[in-house]
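Colleague: Sharing a structure here in structure tokens format.
The values are calculated or read from the model by the stated rules, or taken from the named source; none is laboratory data. Everything quoted here is computed from the prediction, not taken from an experiment. Here the Cβ positions follow ideal geometry from the backbone for every residue, glycine too, while neighbour counts run over all protein chains shown. Heavy atoms of the whole protein, side chains included, go into the accessibility calculation; ligands, DNA and RNA do not. Shrake-Rupley method; radii C 1.70, N 1.55, O 1.52, S 1.80 Å.
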Amino acid sequence: MRRMMIIFLMLTLTLAACQPAQAPLSEEPPAEEEPTPEPDREPQDGIYPPPETPTTGGDSLGDAPPVLAWDDDPNTVVVSGTFCCGFVPYLAVINYIPEVQIYGDGRYIWVEQHENGGRTVRQGQLSQDEIGQLLQSMVDAGFFRWDDQYVDQSVADVADKCLVVNLRGASKSVCEYYRGAPQAFHDLFDRLATGAGASGSEFVPERGYMIATPLKSDFQLGGGQTASRWDAGLLEVSLAEAGSGTWLTGPSLEIAWQVVNAQPFFPLVEQDGTYYEISLQIPDLSREAPPAE
């Protein structure tokens with residue numbers, strides 16, 4: 001009998017050990033862990049917002065309005081406008097003078113273009129306050145927010161139209177090839193290239209660098225061409241000796257300046273029965289600078 005009781009007890013303990021363990025009924029289920037908040041992202045390599053965040057593009061002066069500070073040196077060009085050169089004779093490029101140039105000291109030079117192909121170069125003077133007002137008008141027009149280039153290549157060999165502003169430590173240029181720039185760009189260019197309301201007088205250069213190239217002996221004037229007579233004795237400069245270039249002053253410069261302004265594309269003079277085409281470069285004015293003296 002005692003043996004049977006021992007066997008029964010051992011079977012009871014074995015069955016109890018095989019039952020799965022159960023948590024006490026009074027025990028509450030474990031609380032879910034709160035997610036750990038991510039720390040604020042710091043700028044990476046000086047970039048903020050972080051790289052994955054879209055940012056707004058800007059121009060060479062940045063997104064903020066430019067600081068309108070400029071060099072008041074008389075040799076510094078603060079604003080310039082050009083409309084050159086496309087498919088034109090080489091002489092037209094050498095003789096080209098920008099449509100507008102405003103210098104740090106307020107000197108303002110612009111070019112009046114004539115329907116017959118000639119030009120008149122004019123000059124005026126702006127105060128420093130007037131330069132600032134002009135630059136502010138460019139800001140208000142949107143100049144510093146425009147693209148650097150607008151290009152439509154559906155037409156070949158046309159001239160680029162460009163406006164450039166040089167401020168202290170920064171510059172901005174806007175150029176158009178054929179079309180695509182905002183109308184405000186053309187309005188601004190036309191206003192600057194006509195003196196922007198400044199009163200002016202005709203510009204008279206003090207020095208100029210001339211190159212005279214003789215034409216073939218059988219050359220004949222045609223198509224409305226004209227040639228001014230060049231008196232080597234009176235002007236003290238012989239065109240026959242100016243093939244490699246010579247500096248002009250006084251009456252010889254005055255005649256050459258008149259000839260080039262009348263026909264920038266094909267200026268002609270005649271000396272002793274020989275025709276010459278001439279180029280004339282004015283220091284600190286011509287787009288193509290003359291050689292150093």
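Colleague: Name, by its number, the condition in (1) assigned to a loop (DSSP other than H, G, I, E, B); (2) farther than 24 Å from Gln101 by Cα; (3) open to solvent by less than 20 Å² (accessible area, probe 1.4 Å) that does not hold for Gly195.
Modeller: Looking at each condition in turn, Gly195 falls short on (2).
Colleague: Out of Ser279, Ser252, Ser286, which single residue is part of a strand (DSSP E or B), among the small types (Gly, Ala, Ser) and within 37 Å of the chain's Cα centre (by Cα)?
Modeller: Only one candidate qualifies: Ser279.
Colleague: Based on what the data block shows, is Val269 in contact with a Pro (Cβ under 8 Å, 6 or more places away or on another chain) and either without any contact (Cβ under 8 Å) to a residue 60 or more places away in the chain or surrounded by 16 or more Cβ atoms within 10 Å (Cβ to Cβ) (or both)?
Modeller: no
Colleague: Further question on the same structure: Assess whether Glu236 counts as being out of contact with any Cys (no Cβ under 7 Å at 6 or more places or on another chain) and either over 25 Å from Cys162 (Cα atoms) or small (Gly, Ala, Ser) (or both).
Modeller: Considered against the rule, which asks whether it is out of contact with any Cys (no Cβ under 7 Å at 6 or more places or on another chain) and either over 25 Å from Cys162 (Cα atoms) or small (Gly, Ala, Ser) (or both), Glu236 comes out as yes.
Colleague: Would you point out which residue out of Val121, Val165 is open to solvent by less than 50 Å² (accessible area, probe 1.4 Å), out of contact with any His (no Cβ under 9 Å at 6 or more places or on another chain), closer than 19 Å to Val88 by Cβ and assigned to a strand (DSSP E or B)?
Modeller: Within the list Val121, Val165, the selection yields Val121.
Colleague: Test Gly243 against the stated conditions and say whether it is open to solvent by 20 Å² or more (accessible area, probe 1.4 Å), in a helix (DSSP H, G or I) and either among the aliphatic types (A, V, I, L, M) or over 17 Å from Gly118 (Cβ atoms) (or both).
Modeller: no
Colleague: Name every residue in the range 74-118 that is without any contact (Cβ under 8 Å) to a residue 40 or more places away in the chain and not in a strand (DSSP E or B), in order of residue number.
Modeller: Of everything in the range 74-118, those that are without any contact (Cβ under 8 Å) to a residue 40 or more places away in the chain and not in a strand (DSSP E or B) turn out to be Pro74, Tyr90, Gly104, Asp105, Gly106, His114, Glu115, Asn116.
Colleague: Of the residues Ala212, Ala242, which is in contact with a helix residue (DSSP H, G or I) (Cβ under 7 Å, 6 or more places away or on another chain) and within 18 Å of Tyr90 (Cβ to Cβ)?
Modeller: When all the criteria are applied, what remains is Ala212.
Colleague: Which of the residues that make up the range 198-234 are in contact (Cβ under 8 Å) with a residue 12 or more places away in the chain, surrounded by fewer than 15 Cβ atoms within 10 Å (Cβ to Cβ) and among the small types (Gly, Ala, Ser)?
Modeller: Answer for the range 198-234, where residues must be in contact (Cβ under 8 Å) with a residue 12 or more places away in the chain, surrounded by fewer than 15 Cβ atoms within 10 Å (Cβ to Cβ) and among the small types (Gly, Ala, Ser): Ser199, Ser201, Ser217.
Colleague: Just wondering, is there one or more residues in the range 265-274 that are within 24 Å of Val77 (Cα to Cα), outside any strand (DSSP E or B), within 30 Å of the chain's Cα centre (by Cα) and of a type outside the set (Lys, Arg)?
Modeller: Looking through the range 265-274, none of the residues is within 24 Å of Val77 (Cα to Cα), outside any strand (DSSP E or B), within 30 Å of the chain's Cα centre (by Cα) and of a type outside the set (Lys, Arg).
The rows are residues; the columns are (1) closer than 23 Å to Thr213 by Cα; (2) open to solvent by 30 Å² or more (accessible area, probe 1.4 Å).
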residue	(1), (2)
Leu91	yes, no
Tyr96	yes, no
Val111	no, no
Asn116	no, yes
Leu126	no, no
